[in-house]
1. For the range 127-261, what is the per residue volume of the convex hull drawn over the alpha-carbon atoms, in cubic angstrom?
2. From the P(r) of the range 140-202, can you give the percent of Cα pairs sitting at distances over 15 Å?
3. Assuming R0 = 35 Å, what is the FRET efficiency of Asp35 and Glu461, from their Cβ-Cβ distance, to the nearest 0.05?
4. Extension gain Thr224-Tyr16, at 0.36 nm per residue separation less the Cα-Cα distance, in nm?
5. With a bin width of 5 angstrom, please list the P(r) values of the range 71-168 as percents of all Cα-Cα pairs, from the 0 bin to the one holding the largest distance.
6. Could you work out the mean projected area of the convex hull around the alpha carbons of the range 362-470, in square nanometres to one decimal?
7. Mean projection of the alpha-carbon convex hull of the range 186-284 over all orientations, in nm²?
8. What FRET efficiency do you get for Asp107 and Gln193 if R0 is 45 Å and r is their Cβ-Cβ distance, rounded to the nearest 0.05?
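No value in this document is a laboratory result; all are computed from the given coordinates. All values derive from a computational prediction rather than experimental measurement. Here the Cβ positions follow ideal geometry from the backbone for every residue, glycine too, while neighbour counts run over all protein chains shown.
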Amino acid sequence: AVATRADFLYDTFPDYFQWGVATASYQIEGAWNVDGKGDSIWDTYTHAGGNVVKNETGDIACDSYNKYEDDVQLLQDLGVNFYRFSLSWARLLPTGRVDQPNQAGIDYYNSLIDALLAAGVEPMVTLYHWDLPQELDDQGGWENEDMVQIFNEYAVFAFELFGDRVKSWITFNEPYVFITMGYGQGAHAPGLQSPGEKVYTVAHVVLKAHAEAWHSYNELFRPTQDGVIGITLDSEWKEPYSDDPEDIEAAERAIQFCLGWFANPIFGSGGYPTVMKEKILEKSLEQGYEESRLPEFTEEEENRIHGTSDFFGLNHYTTSLVQNADRPSLVPSYLNDRDIITRVNSTWDRSEWIFVVPWGLRSLLNWISDSYGNPNVIITENGMSDSNATLEDAHRVNYFRLYTNNVLKAIKLDGCDVRSYTAWTLMDNFEWAFAYDVRFGLHHVDFEDPERPRTPKASAEFIRQLVADNGFPEPEAVIPEVLEPE
Ligand code: PNW
């Protein structure tokens, strides 16, 4: 899995290629209860205690609500083309509904957007990066079908306010992760555990909500604002455990149950992947259900969802090995429905849950290209963690170097249509259930200091150079691999 010097591709990215870094509102903003902000499900979840490492919260986090000008300076120093951040729905709309907007929240995002544009950094805005207003959760959250229209109203509100300056929109960040963690395993807000049922019904609502927001932008705003809007999906690469055809089929099935679940309705043939429909129906009946735990779209809904993304937003971190398994467990669960066992290769370098498999990203980009007709892909997250506070993050530099080189190979050698790359993340921040114990930042943040100072790590300098060079220009002198014997 470690690229040798020989297979490193020295070349540059296409001229149109764009570079960025990402964050998310709850992970960086803090200011959880000031200036009229409403509570979100992450405020509730962290304050409840017992859910997050050391009972930490995002109450202050990186304090970006007060320090956004510092953040913009870091972005300018990196020289990135764009900044992907998310809106705190409850900061803009404390009740979640558009009839009671919060002017201070509107002012905050206007200031951030204006500061970015003044610094020559394009804003890329995610509408939903997991911090649902608590009042909407009290009304059933994403289980509630009314959320389709409620999310659409919020999206329209955001397009009206910011769409004159924001030209790239993402409806949802990683529905797979927030749904399976929040409604399946209970390891993220709102902390529900229904891995066999709610995960599927919630995904159904989220897909419809996404589609309505896309249609609103397409019909009401695109003609005057002329931007793009899409969704960000996440997936590991799933490598077959062996060359046994059953393992090869199992690996394909594993991707369909993760990426295909959301991608097939939007980018593929429409509706859920056939293999999901078959497996979940078969298992549901065996388990005594009268019908499949996977809901069905009407033909009208299927058509309404199909094609609703101007790009394929992709978050990718790691790779796992997949082995076929016939009924690993009889418990109803989105994991058991797949009929697989996940394995790891113990020779792969790792940090927390991330195994370093750079070629996995290239394989995944090729899979997307082959499966969905070579859509234009924007990589909206990719990055590497650690659990120490070092500024000399050679492992992260190595990760970025090899992963971005595999993006380059996917473009130049395989013909994949990748348009941009986003490093996760601008600075160390609230890493969900791992809180401040796990760091992904290009910049170190001192969470003990009330000023929350940001300091560049070696990886920040690496990204700055990568962006400046737009890739990996041919080295001037190649050191010979094999020396002549004396
Ligand atoms: C993404 N997994 O989440 C999120 O979009 C970010 O907010 C987060 O900070 C980042 O990745 C790093 O974790 C993920 O377990 C969380 O495969 C978990 C997984 C993948 C993505």
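1. Output value, Cα hull per residue: 119 Å³.
2. For the range 140-202, the share of Cα pairs beyond 15 Å comes to 58 percent.
3. Efficiency at R0 = 35 Å is approximately 0.50.
4. 72.5 nm
5. The percentages, shortest bin first, are 3, 13, 24, 22, 16, 11, 7, 4, 1.
6. 7.7
7. In nm², the orientation-averaged hull projection of the range 186-284 is 8.6.
8. It comes out at approximately 0.70.
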